[in-house]
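Structure first, then comments.
Every number here is computed from the coordinates shown, using simple stated rules; none is lab data. Just so you know, these numbers come straight off a predicted model, no measurement behind them. No Cβ is skipped: glycine too gets one built from the backbone with ideal geometry, and neighbour counts run over all protein chains shown.
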Amino acid sequence: MSQAVNLIVFPVRDLAQAKKVFTNVTGVEPYADAPYYVGFRVGGQEIGLDPNGHKQGLTGPLPYWEVKDIKKSLQSLQEAGAQVAQGVKDVGGGKLIATVKDPDNNIIGLVQSP
């Protein structure tokens, strides 16, 4: 089902301050810089900052598993006992994300690149 974890999203309260910190940590400028998301590409990995993450119940970083077909993967996870936390959402440029909760309430992210 999954290829690899290639996206980790951090919930942040102060996007501007977090952007400064992560620009310093990653050593690169963000490739995406919007009021709702800031993204960095580093060594084949994407690091994201989400100013709405805490409102969605995130308490720490959320790994996203790269999948080829997000709808099939979501269905397969539901059949395995996971519950949809956030349905499929286009976050721009054709990139699709979704999240599920496993039986222990761990949040698992899925991402499908265009």
**Request:** Please build a GNM for the chain, connecting alpha carbons under 10 Å apart, and tell me which residue among GLY87, GLY27, GLY44 fluctuates the most.
**Result:** GLY44
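Quote the FRET efficiency, to the nearest 0.05, computed for TYR36 versus SER113 with a Förster distance R0 of 22 Å and r equal to the Cβ-Cβ distance. Write down the numbers at each step before the final one.
Details: r = 19 Å, r/R0 = 0.86.
So, using R0 = 22 Å, E works out to roughly 0.70.
Below 8 Å between Cα atoms, with a sequence gap of 6+, how large is the relative contact order for the chain in percent?
Details: 228 pairs, mean separation 29.6, N = 114.
This gives 26 percent for the chain.
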**Request:** Determine which aspartates and glutamates satisfy two conditions relative to LYS71: a Cα distance under 15 Å, and not lying fewer than 8 residues away in the same chain.
**Result:** GLU79, ASP90
**Request:** Compute the long axis of helix 15-26 from its Cα atoms, compare it with the longest principal axis of the Cα atoms of the chain, and write down the angle in degrees, 0 to 90, nearest 10.
**Result:** 90 degrees
**Prompt:** Kirkwood Rh, Cα Rg: Rg to Rh for the chain?
**Reply:** 0.97
**Asked** Roughly what angle does helix 70-79 make with the longest principal axis of the chain, taking Cα atoms, 0 to 90 degrees, to the nearest 10?
**Response** 50 degrees
**Distant-in-sequence amide H partners of ASN52 (H built 1.01 Å from N, under 5 Å)** = VAL12
**Message:** Taking the alpha-carbon distance from LYS95 and a cut-off under 12 Å, which aspartates and glutamates remain once sequence neighbours fewer than 8 residues away in the same chain are dropped?
**Reply:** GLU66, ASP69
**Message:** Please enumerate, by chain and number, the aspartates and glutamates with C-alpha under 12 Å from the C-alpha of LYS19, excluding those fewer than 8 residues away in the same chain.
**Reply:** GLU29, ASP33, ASP50
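List TYR36, TYR64 from most exposed to least, where exposure is judged by having the fewest other Cβ atoms within 10 Å.
Working: TYR36 12, TYR64 21.
Listing TYR36, TYR64 from fewest to most nearby Cβ atoms yields TYR36, TYR64.
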**Complete:** Between the modelled labels at ALA85 and GLU29 (7 Å from Cα along Cα→Cβ) the distance in nm is 3.3 nm
